[in-house]
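Contents: one structure, followed by commentary.
The values are calculated or read from the model by the stated rules, or taken from the named source; none is laboratory data. Predicted, not measured: the structure shown is a model, and the values here were computed from it. Quick reminder, even Gly has a Cβ in these numbers, built from the backbone with ideal geometry, and neighbours come from all protein chains shown.
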Amino acid sequence: MTKESSPKASPHAHSDRFIEATTERSFDASHLAHLYRQMFLIRRVEEESARAYASGKIGGFLHLYIGQEAAGVGALAALRPEDNVVTTYRDHGIAIAKGMTTRALLAELWGKKTGCSQGLGGSMHLFDKAHNMLGGYGIVGGHIPLACGVAFAAKYQQQDRVTLCFFGEGAVSIGGFHEGLSLASLWKLPIVFICENNEYAMGTPLSRTLSVEDVSQKAEAYGIARDRLVVDDVLEVEARVGVAVERARKEQLPTLIELRTYRFRGHSMSDPAKYRTQAELDDHKQRDPLTQARAKLLASKYTEDQLLAIEKSVEEEVADAVKFADDSPEPDLSILAPTTYDGPFAY
């Protein structure tokens with residue numbers, strides 16, 4: 001990795017709008033174990049999804065979250081259940097962290113009637129109203145103004161809800177990104193914009209896609225607070241995002257946070273990721289946040305047997321979800337008319 005593209009190459013810039021608040025908290029091993037289980041569950045769900053895609057059980061596109069688990073799990077740990085989340089098409093991990101069951105998720109990927117959207121949304125459009133997971137979206141950057149609309153509705157209706165909006169660094173050059181930040185600042189919306197910068201816009205590196213390597217600096221143009229960190233520790237992500245969430249909740253002010261993360265797989269299942277070296281990939285894998293969380297638990301009160309028990313429970317949950325998806329029925333014609341013509345927008 002070159003110095004230009006290194007996550008640590010650009011230090012946090014000085015700014016009167018840069019988040020300055022203590023994120024220190026007492027270490028809670030049980031809480032970290034909970035977050036580790038979530039990350040491990042996402043990792044295993046994604047690995048099984050890749051296997052199912054290769055065997056033809058999943059059609060269409062499939063974008064895996066492997067390597068980025070600590071970003072989503074840490075950020076969502078800072079939320080309350082009633083808070084809203086809007087995200088991209090790389091949405092499996094976010095959906096799990098927001099509370100969607102593995103059964104509902106895998107059944108949706110399988111295209112089955114028991115999926116979260118009855119098999120009609122698929123991988124890129126996971127939706128779970130009960131947990132305020134308001135969708136994965138397929139248009140790059142197009143969901144950012146929608147997330148602002150969700151935040152505006154919460155403020156207008158005095159709901160005391162914060163909205164988290166996830167997107168990749170490829171979206172920050174899209175008009176919707178700038179429109180969203182501008183309106184969020186103008187209307188003082190309770191929203192936190194989270195750029196999951198995994199260093200590649202599909203197969204194109206940062207040096208060829210961004211004129212300014214520090215994405216968080218773009219917040220300056222709209223007069224909103226910003227933060228930036230390398231995702232090594234899931235607890236640090238939770239703490240730093242937590243500052244922005246509380247700011248949004250108490251002061252009705254938006255924040256832009258850049259999370260420098262990394263995906264271990266290609267952009268999608270059709271991408272062999274030949275545009276990066278094996279040495280670069282191996283370097284990132286040595287700093288895998290899952291491995292670091294596990295090591296931190298072992299250094300605390302947890303034993304190897306306890307962690308193996310956690311991992312075994314995840315394996316059992318994933319195996320159950322795979323069987324559930326396999327055994328579930330496909331959608332039948334009875335849902336065609338209701339999902340096409342009925343509802344508030346029917347003619």
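Worth a mention:
- Within the stretch 101-126, the residues that satisfy the criterion of being assigned to a helix (DSSP H, G or I) and among the hydrophobic types (A, V, I, L, M, F, W, C) are 104, 105, 106, 107, 109, 124.
- Residue satisfying all of: in the stretch 140-150; touching a helix residue (DSSP H, G or I) at 6+ places or on another chain (Cβ under 8 Å) and among the aliphatic types (A, V, I, L, M); nearest to residue 121 (Cα to Cα) among these: 140
- If you go through the stretch 256-302 and keep only what is among the polar types (S, T, N, Q) and without any contact (Cβ under 8 Å) to a residue 12 or more places away in the chain, you end up with 277, 278, 286, 291.
- Scanning the stretch 180-206 for residues being crowded, with 18+ Cβ neighbours inside 10 Å and assigned to a helix (DSSP H, G or I) gives a total of 6.
- A single member of 64, 41, 32 is buried (at least 18 other Cβ atoms within 10 Å of the Cβ), in a loop (DSSP other than H, G, I, E, B) and either of a type in the set (Ser, Thr, Tyr) or modelled with pLDDT of 95 or more (or both), and it is 64.
- In the stretch 207-244, of all residues being under 24 Å from residue 291 (Cβ atoms) and of a type in the set (Asp, Glu), the one that is surrounded by the most Cβ atoms within 10 Å (Cβ to Cβ) corresponds to 238.
- Odd one out for residue 228, checked against (1) touching a Ser or Thr at 6+ places or on another chain (Cβ under 8 Å); (2) assigned to a loop (DSSP other than H, G, I, E, B): (2)
- Some residue of the stretch 139-154 being outside any loop (DSSP other than H, G, I, E, B) and at positive phi: no
- When the stretch 245-297 is filtered for residues that are surrounded by fewer than 12 Cβ atoms within 10 Å (Cβ to Cβ), within 20 Å of the chain's Cα centre (by Cα) and either assigned to a strand (DSSP E or B) or not hydroxyl-bearing (Ser, Thr, Tyr) (or both), nothing remains.
- Taking the stretch 155-179 as the range and being crowded, with 17+ Cβ neighbours inside 10 Å, of a type in the set (D, E, K, R) and assigned to a loop (DSSP other than H, G, I, E, B) as the test, only 161 passes.
- Inspection of the stretch 298-307 finds a residue satisfying the criterion of being more than 18 Å from the chain's Cα centre (by Cα), surrounded by 17 or more Cβ atoms within 10 Å (Cβ to Cβ) and modelled with pLDDT of 95 or more.
- Among the residues of the stretch 71-129, those that are of a type in the set (Val, Ile, Thr) and more than 20 Å from residue 48 (Cα to Cα) comprise 85, 86, 87, 88.
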